[in-house]
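Everything on this sheet refers to the single structure shown next.
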Amino acid sequence: NVGEFLKFLPGVEVEYVDGISRGPRVGGLDQQYVGVTMDGASVASADAFVAYGSTLNGAAGSQSRSVGFEQMSINSIESIEVSRTLSPDMEANSPAGSINMRTRRAFDRKGRRVDWSFSAGFNTPDAANFGQTRGWDDNLHRQWRPNYQLDYSDVFLNQRLGLRLSVSSSSIRSEQQYVTHTYNKTTVAPS
């Protein structure tokens, strides 16, 4: 996702929840103070990420206006602009700065173009295990995951119609610990 790229930029930190990059911090300020835009338009926070009965500290959630990156694919992003200070043309609700993602367009490329990539993903504990291990459902699963991307772009009608199609899949196994609470609702007589 976009957060996995942003974490390599100077002055940008990324918050993680269960091994997934969620929201950015710029200049040390909390992620709710960073404005995130796509092609200059504000990105709404569709997150209501609540775990274990309460909003996670630092995670995008119901009590925060920060934007989570786990559902934003970097495959559709052409460039990312990080502004650490606000200019007069920017909204004033982002004191930490802003991150603007510019989407890819077919007009940015000349002629027909087909790009593809294929890879395999795994976590470090899985690297030595080429076989199968028990998964979430107690059945045997391969722990190496295939990843692929196919991208097609072309411009038609004398540069008036641009077409860009992209298909991708990325899957990485991530171990997580969950706690399930059970309650005994048996009524106890007062003593």
Kindly sort Trp116, Trp144 by accessible area of their heavy atoms, largest first, with the probe set to 1.4 Å.
Trp116, Trp144
What distance in nm separates the two pseudo spin-label positions at Thr133 and Ser166, each 7 Å out from Cα along the beta-carbon direction?
3.2 nm
Expressed in square angstrom to the nearest 10, the accessible area of Ser73 with a 1.4 Å probe stands at 50 Å²
So what J values fall out for segment 83-94 if you push phi through Karplus, 6.51 cos²θ - 1.76 cosθ + 1.60 with θ = phi - 60°, rounded to Hz, Gly and Pro as x?
10, 8, 10, 8, 9, x, 7, 9, 5, 8, 8, 10
Quick one: which residues, 5+ away or cross-chain, put their amide H under 5 Å from the amide H of Gln143? H built at 1.01 Å from N.
Thr133
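The values are calculated or read from the model by the stated rules, or taken from the named source; none is laboratory data. Small disclaimer: the values here were computed from a predicted structure and weren't measured. Using ideal geometry, Cβ is built from the backbone for each residue, glycine included, and neighbour counts are taken over all protein chains shown. SASA here: full protein model, heavy atoms, side chains in, ligands and nucleic acids out. Shrake-Rupley method; radii C 1.70, N 1.55, O 1.52, S 1.80 Å.
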